[in-house]
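Participant: Quick one: the structure is below, and I'll ask about it shortly.
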Amino acid sequence: MRLVKSGFLVIFLFSLLGMPSLFAQSLQLNNEQSELNITGTSSLHDWNVNANSLRGEGLFTIKSDTLTDITKLTFFVSVDGLKGEKPGMDKKIQSALDVSKQKTIAYQFEKIIKIYTINAHTFTTETSGLLTVAGTTKKINLLLTITIENKTIRIKGEKNLKMTDFNILRPKALLGMLKTGDDVKVAFNVLYQ
């Protein structure tokens with residue numbers, strides 16, 4: 001009887017070792033290891049804004065080091081943490097984004113459209129979600145590059161947007177002589193751990 005139990009235990013352990021590992025990870029965005037940059041144009045020069053305060057959460061399903069699903073992905077940018085190249089830009093950005101009413105820019109993942117494998121730990125993922133800027137919410141598609149490293153998830157991507165799509169009055173300066181363009185590009189490189 002003892003030999004049968006031992007044999008069963010050995011078979012059970014070997015079957016576990018041969019099974020592909022499947023686990024879901026709930027991870028938090030690491031602000032210090034993440035960056036978000038917004039660039040645009042104006043009638044005088046190009047401009048650049050960096051986000052200093054990011055937060056978010058993700059729930060990822062990984063099977064044998066392969067991303068199989070995203071159940072939850074949120075991303076929040078503090079509007080008062082957006083810092084421009086020049087000191088006067090910060091107040092204009094906060095005013096344009098109506099910081100008194102809407103303190104954050106928010107992205108809420110809805111679904112995966114398609115996952116493409118690039119290599120053993122890197123995937124390109126087409127996603128759909130809701131982006132809220134200055135109180136206006138729009139459905140957007142994002143193409144994300146996701147890398148799995150030591151139970152952390154690095155997500156990179158960029159998206160071209162129009163300020164007017166979110167009812168943002170384009171900032172002006174110098175009595176209206178300096179006007180920002182409508183198009184902006186948001187680029188991000190964030191770490192969930």
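Participant: Please give the FRET efficiency for residue 162 paired with residue 114, using the beta carbon to beta carbon distance and R0 = 35 Å, rounded to the nearest 0.05. Numbers along the way, then the final one.
Facilitator: On the way: r = 25 Å, r/R0 = 0.72.
Once rounded, the FRET efficiency stands at 0.90.
Participant: How do 117-124, 26-33 rank on mean C-beta neighbours within 10 Å, highest first? Numbers along the way, then the final one.
Facilitator: Details: 117-124: 12.9, 26-33: 14.5.
Output ranking for 117-124, 26-33: 26-33, 117-124.
Participant: How large is the charge dipole for the range 22-82, taken about the Cα centre, if only the Cβ atoms of Lys, Arg (+1) and Asp, Glu (-1) carry charge, to the nearest 20 debye?
Facilitator: Numbers: 3 positive and 7 negative charges, 39 e Å.
Result for the range 22-82 is approximately 180 debye, rounded to the nearest 20.
Participant: Considering only the other residues whose Cβ falls under 13 Å of the Cβ of residue 126, what net charge follows from Lys and Arg at +1 and Asp and Glu at -1? Show your work: numbers first, answer last.
Facilitator: Numbers: positive: 111, 114, 159; negative: 110.
Around residue 126, the charge tally is +2.
Participant: Related question: Tell me the net charge near residue 153. Cut-off is 14 Å between Cβ atoms, residue 153 excluded, with +1 for each Lys or Arg and -1 for each Asp or Glu. Please report the intermediate quantities before stating the final value.
Facilitator: Working: positive: 72, 151, 154, 156; negative: 57, 65, 69, 149.
Counting the neighbours of residue 153, the net charge comes to 0.
Participant: From the C-alpha gyration tensor of the range 102-174, pull out the three semi-axes of the equivalent ellipsoid (sqrt of 5λ each), sorted largest to smallest, in whole Å.
Facilitator: Values: eigenvalues 177, 34, 26 Å².
Taking √(5λ) for each Cα gyration eigenvalue gives 30, 13, 11 Å.
Participant: With a point put 7 Å past each Cα toward its Cβ, work out how far residue 68 is from residue 126 in nm, to one decimal.
Facilitator: If labels sit at residue 68 and residue 126, their model points lie 2.3 nm apart.
We did not get these values from a lab; they are worked out from the coordinates using the rules stated. Since we're looking at a predicted model, the values are computed, not measured. We place every Cβ from the backbone using ideal geometry, glycine too, and count neighbours over all the protein chains shown.
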